[in-house]
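Structure, as structure tokens:
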Amino acid sequence: MLNINQKLKKREEQNQIINTAIVGAGQMGRGLTTQMFLMKGIRPAIVSDTSIASVVESYEYAGIKRDDIVIAKTLTQANDGIKNGKYVATEDSLLLTQAHNIDCVIDATGIPDVGAQIATESIKHKKHVVMLNVETDVVIGPYLKAQADKAGVVYTGSAGDEPGAVMELYTFADAMGFDIKVIGKGKNNKLDRSSTPATAEEEAIRRKMSPKMLCSFKDGTKTMVEMAAMSNATGFVPDITGGHGIKATLNELNEKFKLKKDGGIFNRHQVVEFVDGVAPGVFVTISTTNEEIAYQMGYHSMGSGPLWTLYRPYHLCNLETPLTVAKAVIEKEATIVPISGLVSECITVAKVDLKTGQFLDGIGGYTAYGSIATIQESNKNGYVPFGLVNNKTKMKKDVKKGQILTLEDLELDTNTLIYKLRLEQNKTVDNAYANPHL
């Protein structure tokens, strides 16, 4: 994103401000809304949330006066507010996808079916889409990208989110001609597969987060979703189902990331992985067969090889999202997107013993957590894509805690948009392993 600062400054000077729409005024939406007010050439013209008070609060965090905020219930009110330079708040997320003069829509909800609705409607109305909702992307990202390409708009994941941050390191290393062996992230929260919204509530309140969101971090689901997005964007796969998740320091990675025959942990390379001990950063581990470049890497204090790890010790998540908006609008380029069909799947694992007739509750809930498997393994065994699970998903069998759920174990809610689009993806996107069980 070289010179993006100058490009945004130029748009400010020429009064070509990028008007952005944001769905979701929780922690993620509130932060990126505020961040835009520190930037040139871009503004959060309209924000939606099921709580209008949360939208108003997100604007007020940024220093916007109440008189400059317009509450819109109709498309006409939204259009007039944007045209008059006001900041529009609404409870109707579909207004954002239809509003005039909006260049890009950001989904910051983290809810799979909402993401499907926002993305498809935005693409339909010729607006760029930034998904700060990886939960949707890992289920139907290839389909959404194909639709965006047909419409002539950009569909992309976000800078700052770990998959986007990894992609920056990956493209850097790939452009330089290195052999990339491992990509991944540090685990930010101590892994607790039994975490629930109730056990996470106190910390969530303290951190101004949704208990469900924090729960999805703690139980590992978010990490698995993020690794699936990295996999789908690069073709790299998990070495084993769920990943190794070793505890290690940054200085230990080059040794531990060797193949088993060389004393490391991996059965193969070109894998996605997570590590307890290098949070909150992301990493790309590389190699080269060229002796001169290996010498130069040592000279530059990168170590003796044969593996070297490039490490970014931070990811600013939602605060970096406006940079992806700028890249999409100005340069017509994505930050991170699936390369074709799915490569990996975020699958569903029982968090507790589940009984016949019991309903599940989806991501960040009490009943299940996410893991990662290759799409071949997932489809062969009929594993359940976690993004298709909601509170209308019903168990058909008893299963034990820790068991990977299959489509024979439960009844999915087939009325959701994301389910229907997943079926379309299986039919229309280049994916040799379309799930025969769906």
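The values are calculated or read from the model by the stated rules, or taken from the named source; none is laboratory data. Here the structure is a predicted model, which is why all the values come from computation and not from measurement. We place every Cβ from the backbone using ideal geometry, glycine too, and count neighbours over all the protein chains shown. Just the protein is used for accessible areas: all its heavy atoms, side chains included, with ligands, DNA and RNA removed. Shrake-Rupley method; radii C 1.70, N 1.55, O 1.52, S 1.80 Å.
Key figures for this structure:
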| quantity | calculated |
| --- | --- |
| Residue match in the range 327-343 (condition: among the basic types (Lys, Arg), open to solvent by 10 Å² or more (accessible area, probe 1.4 Å), in a loop (DSSP other than H, G, I, E, B) and within 30 Å of Gln35 (Cα to Cα)) | yes |
| Among (1) closer than 20 Å to Asn254 by Cα; (2) surrounded by fewer than 22 Cβ atoms within 10 Å (Cβ to Cβ); (3) not aliphatic (A, V, I, L, M), the one test that Gly184 misses | (2) |
| Total residues in the range 348-387, condition closer than 20 Å to Arg268 by Cβ, of a type in the set (Val, Ile, Thr) and either in contact with a Pro (Cβ under 7 Å, 6 or more places away or on another chain) or surrounded by fewer than 20 Cβ atoms within 10 Å (Cβ to Cβ) (or both) | 2 |
| Residue check for Leu323: open to solvent by 20 Å² or more (accessible area, probe 1.4 Å), in contact with a Leu (Cβ under 6 Å, 6 or more places away or on another chain) and not in a loop (DSSP other than H, G, I, E, B) | no |
| Of the criteria (1) closer than 30 Å to Leu407 by Cβ; (2) free of Cβ contacts under 8 Å to residues at least 12 places away in the same chain, which one Glu292 fails | (1) |
| Verdict on Val352 being in contact (Cβ under 8 Å) with a residue 40 or more places away in the chain and farther than 30 Å from Glu12 by Cβ | yes |
| Test for Glu292: is it assigned to a strand (DSSP E or B), charged (D, E, K, R) and either out of contact with any Cys (no Cβ under 6 Å at 6 or more places or on another chain) or more than 21 Å from Gly157 (Cβ to Cβ) (or both) | no |
| Condition met for Lys185 (within 30 Å of Phe266 (Cα to Cα) and in a strand (DSSP E or B)) | yes |
| Some residue of the range 391-412 being open to solvent by less than 50 Å² (accessible area, probe 1.4 Å) and over 29 Å from Asp239 (Cα atoms) | yes |
| Restricting the range 267-280 to residues that are open to solvent by less than 60 Å² (accessible area, probe 1.4 Å) and modelled with pLDDT of 95 or more, the residue that is farthest from His244 (Cα to Cα) | His269 |
| Residue within the range 243-266 that is surrounded by 19 or more Cβ atoms within 10 Å (Cβ to Cβ), in contact (Cβ under 8 Å) with a residue 60 or more places away in the chain, under 26 Å from Val384 (Cβ atoms) and in contact with a strand residue (DSSP E or B) (Cβ under 9 Å, 6 or more places away or on another chain) present | yes |
| Qualifying helices (runs of 4 or more DSSP H) (wholly inside the range 1-85; at least 2 residues being surrounded by fewer than 17 Cβ atoms within 10 Å (Cβ to Cβ)) | 4-13, 52-61, 75-83 |
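Yes or no, residue by residue, for (1) closer than 24 Å to Ala350 by Cα; (2) part of a helix (DSSP H, G or I):
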site: Ser194; (1), (2): yes, no
site: Cys215; (1), (2): yes, yes
site: Val225; (1), (2): yes, yes
site: Thr241; (1), (2): yes, no
site: Gly245; (1), (2): yes, no
site: Arg268; (1), (2): no, no
site: Val272; (1), (2): yes, no
